[in-house]
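Trainee: Handing you a structure now.
The values are calculated or read from the model by the stated rules, or taken from the named source; none is laboratory data. Just so we're clear, the structure is a prediction, and the values are computed from it rather than from any experiment. All Cβ positions, even for glycine, are placed from backbone atoms using ideal geometry, and neighbour counts span all protein chains on display. All accessible areas refer to the heavy atoms of the entire protein, side chains included, with ligands and DNA or RNA removed. Shrake-Rupley method; radii C 1.70, N 1.55, O 1.52, S 1.80 Å.
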Amino acid sequence: MPSSPTVPTTAPAPFAETTEIADGVHAYVQAPGGWCLNNAGVIVSGGESALVDTAATEARARHLRRTALRLNPQAAPRTVVNTHFHGDHVFGNHLFPEAVLVGHERTRTEMIASGLHLTGLWPDVEWGSVELAPPTLTYADALTLHIGSLRAELEHVGPAHTSNDTVVWLPRQRVLFTGDLVMNGVTPFCLMGSIAGSLRALDRLRAYGARTVVPGHGPVCGPEVFDAVEGYLRLVRRAARDGRRAGRTPLEAAGAASLGPYAALLDPERLVPNLHRAYAELDGAAADDPLPGEVMRTALAEMIEHHGGLPCCLA
């Protein structure tokens, strides 16, 4: 199954485009948004700036830094918020030495534990000189940042995409940065988090009353994206129940499943690891119970098998 009929199979994709979505709030969007092409945010107020996430490769993170300095020539960002520990959102941290690195307490521990493992999954990507720079300021439940006169509220909403998801809410602007809790036009990925937890998190995201949503991957959108993500996750749950009743493995269930309106999402091969997570929850795993390492390795290997090769990464 190809990653998408509309996505080229050679790397890299162009650098991000930046759009001001509210006064001083900029969405840094890396199209088309598939593997390792995450979004970030640049928030500017009163001569100060902050980032929401960085980028996967040295070149992309340096472009983000240039963009941040263009948007706020007075100074480099003084704060970088990491929405979770995955390398595409954090590998550029070290290129912002002036900043305090902020994340959930598990973002720090899981980032240290995983190291630069992501670089080994796609050895042909030009990663450059990436270094591990975990958050130096961590929080448990919620934290408020002040960037000039702008207020940014951080909340741990999860487990969902991972165990350590942070969203960034700008109440005056009604802008919500979701990290990978939400992807727009891109298949959700819950192997390291929870299907049930993601569904609960979506209810929390709706409660903010956001006007503008910056997803972890894919175009900026409105709150209607929450319904699309929920619909896909409920389809995964149904496919898991049907597969279990038929005695199928997650890989076999993925082969038998029809993605319906979600077949056009980028990176549909993620269905396989999502089904592994859904099967575990059918067997009684709680939302905050991580899958054993052996199961996670099997899920990723079967994803590649289902896809017919290593998924496309345009980073």
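Trainee: Just to be sure before I move on: is Ala61 at pLDDT 95 or above and in a helix (DSSP H, G or I) in the structure I sent?
Mentor: Judged against the criteria, Ala61 is a match.
Trainee: I would also like to ask the following. Open to solvent by 40 Å² or more (accessible area, probe 1.4 Å) and touching a Gly at 6+ places or on another chain (Cβ under 8 Å): is that true of Ala59 in this structure?
Mentor: Taking the combined requirement at face value, the residue satisfies it.
Trainee: Pick out, from the range 229-315, the helices (runs of 4 or more DSSP H) lying fully within it that include 3 or more residues that are in contact (Cβ under 8 Å) with a residue 24 or more places away in the chain and within 26 Å of Asn38 (Cα to Cα).
Mentor: 271-282, 293-307
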